[in-house]
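Participant: Below is the structure I would like to discuss, written out as structure tokens.
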Amino acid sequence: MASVLTILCVGDVFGEPGRRAVEKVLPRLKKQHEADLAIVNVENAAAGFGVTPALARDILSHGADVMTSGNHIWDKKEIIEYIAKENLLLRPANFPAGAPGAGSIVVKAGPHKVAVLNLMGRVFLPSLDCPFRKADEEIARLKLETPVVIVDMHCEATSESQAMGWYLDGRVSAVVGTHRHVQTADERVLPQGTAYITDLGMTGPTDSVIGVEPAIALQRFLTQMPNRFEPAKGPAALHGVVIRVDAETGRGLSIERLRVPAPA
Ligand SMILES: [Fe+2]
């Protein structure tokens, strides 16, 4: 019988409500799905802007095995020193050479190894190096160590995520999107065996505008005046997917969406 790896991918953790959802839901989910690994995008964990070393450690303690990020990674300056030492927190691999930290890692999952690669799109986001060419380079290196490669493609444009899904179909186990904070309903295994979803959604406050208190977000839209964003209060949920991968070939076997409310 083929050995199958079960991997949870958790969408962007937003502020205290998101951290609460991770704490209350992730350990239970890992047990329920007998997950070998949990990959959590943490770039909005600190009140929506970046992540601090203390919060990163906290999220690891609640069951994250690898943490990914995106455009907000440098918002909290203290993370620069942390990321240079802590390889379980990734920043997009296509930041230009010289940026601290790493964009990929290979970790153990039981007897197997899993590579996690973080990339960021360039449409409506800062123009980093080309994520497609960086993917080629990184995947060639990572596949020397393991056939199982999971890609977090942090994008604003849905087209750019889908393009990366097709670009990597058959070459990686999964491409999952983050950043938009709204879960998409297009999860599928692409023809050559790559599990795909355009966006995992957000792990954060349910009654919000992509995490922000609705009144504050509305004021910005209605007046076009700058104001300070704050995470919404109230109920929270964890959004993400559970992926099954053939550990020998790296082929994505299934992908299922998760939307789990956190207990109050
Ligand atoms: Fe983002």
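Participant: Take Asn87 and decide whether it is modelled with pLDDT under 95, among the polar types (S, T, N, Q) and out of contact with any Asp or Glu (no Cβ under 7 Å at 6 or more places or on another chain). Working first, answer last.
Facilitator: Working: modelled with pLDDT under 95: yes; among the polar types (S, T, N, Q): yes; out of contact with any Asp or Glu (no Cβ under 7 Å at 6 or more places or on another chain): yes.
So Asn87 passes the test.
Participant: Among the residues of region 139-154, is there at least one that is open to solvent by 40 Å² or more (accessible area, probe 1.4 Å) and at pLDDT below 95?
Facilitator: First pass over region 139-154, keeping only residues open to solvent by 40 Å² or more (accessible area, probe 1.4 Å): 140-141, 143-145, 147.
Add one more test, that the residue is at pLDDT below 95, and what stays is none.
No, there is no match, as no residue in region 139-154 is open to solvent by 40 Å² or more (accessible area, probe 1.4 Å) and at pLDDT below 95.
Participant: Next question. What number of residues in region 1-22 are touching a residue at least 40 places away in the same chain (Cβ under 8 Å) and open to solvent by 30 Å² or more (accessible area, probe 1.4 Å)?
Facilitator: The first filter runs over region 1-22 and keeps only residues touching a residue at least 40 places away in the same chain (Cβ under 8 Å), leaving 2-22.
Then drop every residue that is not open to solvent by 30 Å² or more (accessible area, probe 1.4 Å), which leaves 2-4, 16, 19-20.
Here the count works out to 6.
Participant: Here is a follow-up. Test Gly165 against the stated conditions and say whether it is touching a helix residue (DSSP H, G or I) at 6+ places or on another chain (Cβ under 8 Å) and not in a loop (DSSP other than H, G, I, E, B). Break it down stepwise before answering.
Facilitator: Numbers: touching a helix residue (DSSP H, G or I) at 6+ places or on another chain (Cβ under 8 Å): no; not in a loop (DSSP other than H, G, I, E, B): yes.
Against the criterion (touching a helix residue (DSSP H, G or I) at 6+ places or on another chain (Cβ under 8 Å) and not in a loop (DSSP other than H, G, I, E, B)), Gly165 does not qualify.
Participant: Further, regarding this structure: Can you pull out the residues in region 36-73 that are among the polar types (S, T, N, Q) and within 16 Å of the ligand (Cβ to nearest atom)?
Facilitator: Within region 36-73, the subset among the polar types (S, T, N, Q) is 41, 44, 52, 61, 68-69, 71.
Within region 36-73, Asn41, Asn44, Thr68, Ser69, Asn71 qualify.
Participant: List, please: which pairs have Cβ atoms under 8 Å, are six or more places apart or on different chains, and start with a residue in region 58-78 that is outside any helix (DSSP H, G or I) and end with one that is open to solvent by 50 Å² or more (accessible area, probe 1.4 Å) and more than 12 Å from the ligand (Cβ to nearest atom)?
Facilitator: Listed pairs, sorted by first residue: His62/Glu23; His62/Pro27; Gly63/Pro27; Trp74/Ile80.
Participant: State which residue is nearest to Leu5 (Cα to Cα) when the search covers only region 147-196 and only residues that are away from the ligand (no atom under 16 Å from the Cβ) and touching an Asp or Glu at 6+ places or on another chain (Cβ under 6 Å).
Facilitator: Result: Thr194.
Participant: Condition first: within 16 Å of the ligand (Cβ to nearest atom) and either assigned to a loop (DSSP other than H, G, I, E, B) or more than 22 Å from Asp36 (Cβ to Cβ) (or both). Now tell me which residues in region 102-126 satisfy that. Quick ask: steps written out before the conclusion?
Facilitator: Filtering region 102-126 for residues within 16 Å of the ligand (Cβ to nearest atom) gives 103, 118-126.
Passing the criteria: Gly103, Leu119, Met120, Gly121, Arg122, Val123, Phe124, Leu125, Pro126.
The values are calculated or read from the model by the stated rules, or taken from the named source; none is laboratory data. Owing to the predicted nature of the structure, the values given are computational and were not obtained by experimental measurement. In this analysis, Cβ positions are derived from the backbone assuming ideal geometry, glycine residues included, and neighbour counts consider all displayed protein chains. These area figures cover heavy atoms from the full protein model, side chains too; ligands, DNA and RNA do not enter into them. Shrake-Rupley method; radii C 1.70, N 1.55, O 1.52, S 1.80 Å.
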